[in-house]
1. Multiply the residue gap between Thr159 and Thr94 by 0.36 nm, knock off their C-alpha separation, and tell me the result in nm, one decimal place.
2. With axes computed from alpha carbons, what is the tilt in degrees of helix 443-461 against the longest principal axis of the chain, rounded to the nearest 10 within 0 to 90?
3. For Ala306 and Lys403, calculate 0.36 nm times their separation in residues minus their Cα-Cα distance, and state this gained length in nm to one decimal.
4. Taking amide H positions as placed in the peptide plane 1.01 Å from N, state which residues far from Arg175 in sequence (5 or more) or on other chains have amide H under 5 Å from it.
5. If Leu65, Leu95 are ordered by their accessible area, calculated over protein heavy atoms with a 1.4 Å probe, which sequence runs from highest to lowest?
6. For a quick check: with amide H placed at 1.01 Å from N, whose amide H comes under 5 Å from Tyr115's, ignoring anything fewer than 5 positions away on the same chain?
7. Return the lysines within reach of Lys403: Cα separation strictly under 16 angstrom, same-chain partners fewer than 8 residues apart disregarded; answer none if there are no such residues.
8. Just tell me which aspartates and glutamates come within less than 20 Å, Cα to Cα, of Lys396; anything on the same chain fewer than 8 places away is out.
Amino acid sequence: MTEKKVLLTIFGATGDLAYRKLYPSLFRLFRKGSLQNNFAIIGTARREWSDEHFRAVVQKSISDLDPTSAEAQSFASHFYYQSHDVQDPEHYITLKKLSDTLDAKYDLAGNRLFYLAMSPSFFGVIVKELKAQGMTDTKGFHRVVIEKPFGSDLASATTLNQAITATFDESEIYRIDHYLGKEMIQNISAIRFGNNLFESLWNNRYIANVQINLAESLGVEDRGGYYDKSGALKDMVQNHILQILSLLLMEPPAAFCDEEIRTEKIKALNAVRIYTPEEVNRYFVRGQYAPGRINGSDYVGYREEANVAPDSTTETFVAGRFTVDNFRWSGVPIYIRTGKRLTEKGTRINIVFKQVPINLFKTDVHKDCPERELPENVLTIYIQPTEGFSLTLNGKEIGADFKTTPVKLDYRHSAETVENSPEAYERLILDVLNGDSTNFTHWDEVAQSWRIVDAIRHTWDDETPDFPNYPAGTMGPKAAFELVEKDGFNWIWEP
Ligand code: BG6
């Protein structure tokens with residue numbers, strides 16, 4: 001494994017994301033040799049921490065990975081802490097001095113990676129000061145990783161983007177969507193473009209509908225403050241769901257590389273219809289959970305959660321039908337569904353194929369045998385918690401009588417494989433170190449996603465919803481089922 005030389009500065013180093021995701025991912029990269037001797041990490045946040053305390057926190061964050069004590073200490077010795085007020089230009093001068101010292105000490109070739117893992121309201125000022133105080137005046141690469149949310153609508157995202165592009169070139173900006181680092185999301189392209197069986201059928205002549213489900217059984221946990229201002233539409237649809245949709249619907253790229261893939265993803269998003277208010281009301285359903293039971297445990301309703309307004313109208317559930325106006329997808333409903341406190345955690349994509357033109361097995365002879373209906377062929381991609389895919393076909397039931405029966409070809413990665421495969425953040429951080437932006441979102445994708453979502457949000461903001469409207473532990477409000485049923489389909493939800 002080639003070692004990546006880098007000075008990584010994390011803004012928001014005392015936060016939850018850094019603790020739960022970044023430090024363990026960096027440790028895995030250290031273990032595998034992508035980071036060895038020539039790297040240093042500066043953690044910054046407002047709190048006053050010593051290097052010793054910071055290193056102790058980092059060691060604790062990786063304890064689940066069972067490092068030896070020598071390994072943990074050697075890894076943590078590369079971490080330095082600098083208390084920092086992002087709005088104070090003086091503080092960047094101190095940060096620059098420390099950066100230059102570490103650059104020389106660890107022979108980092110001037111390679112600098114800035115990771116913004118804090119409130120987006122500070123992203124603009126941070127990148128401005130990084131440049132103004134000379135933090136990017138080095139010979140090596142300069143890259144910035146930006147966590148979601150990228151703005152809260154198109155207008156704020158545009159302002160933020162202008163601030164960032166004043167310092168960094170688009171090729172240096174890595175907007176993270178952690179779903180793009182998931183094994184089975186990356187597998188979508190392999191399934192589509194590696195199998196003629198699917199790619200030749202991947203259009204409106206053979207596909208009846210597409211279903212993208214991102215269900216969660218968790219509630220808002222301790223993120224009520226953030227979530228109550230965001231809601232499921234901005235939290236999940238604007239980013240993760242529209243990214244998955246673009247990978248599923250894009251044309252085959254001219255080559256499997258970041259620029260070509262991005263071009264096709266943007267084209268796919270551009271073909272998603274921006275709905276009028278009438279269309280939003282027809283095709284989108286929102287929900288909020290009431291108290292309920294999941295697996296024998298009682299849960300409070302959303303409005304009773306900490307840091308949530310008692311009369312909150314924030315949606316914790318969204319179901320909808322996107323319309324794609326291009327040759328390949330015209331007429332194919334693209335259903336999406338996501339929510340908190342649903343029956344179970346399950347991220348699954350269903351590609352539902354059209355029926356054969358005539359059901360030969362439903363003849364007059366068998367007219368009183370309704371079970372001879374042929375179920376549709378369905379390709380299911382299981383993203384999590386299990387990973388794999390299945391294909392349902394129709395075969396003949398064993399016996400003298402001619403009866404068809406559904407057969408499911410099912411492949412899942414073993415629990416051991418899942419356990420040992422790199423975690424999303426680990427992959428994405430390695431991609432940034434390698435300068436590969438394939439699995440990151442380009443500004444044009446972000447902007448178009450906001451246009452699509454803003455139209456829904458504005459329509460919803462004009463009306464007060466009748467919340468709560470689904471009990472915790474169910475798959476959302478009745479209207480979400482009706483949305484699909486009125487088109488003659490059903491949500492497919494199989495483990
Ligand atoms: C995050 C959302 O982006 O994704 C959370 O902010 C959500 O609300 C999470 O719970 C889901 O991610 P995963 O990887 O657990 O499916």
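The values are calculated or read from the model by the stated rules, or taken from the named source; none is laboratory data. Every value quoted in this text rests on a predicted model; they were computed, and no experiment measured them. Surface areas here come from the heavy atoms of the whole protein model, side chains and all, with no ligands, DNA or RNA. Shrake-Rupley method; radii C 1.70, N 1.55, O 1.52, S 1.80 Å.
1. 20.6 nm
2. Once rounded, the angle reads 60 degrees.
3. Working: separation 97, 0.36 × 97 = 34.92 nm, distance 5.52 nm.
Value of the extension gain: 29.4 nm.
4. Ile146, Thr441
5. Working: Leu65 40, Leu95 0 Å².
The residues order as Leu65, Leu95, largest area first.
6. So Tyr115 has HN proximity to Thr9, Ile10, Phe11, Val145.
7. Lys362, Lys367
8. Once the sequence-local aspartates and glutamates are set aside, what remains near Lys396 is Asp364, Asp368, Glu371, Glu373, Glu376, Asp410.
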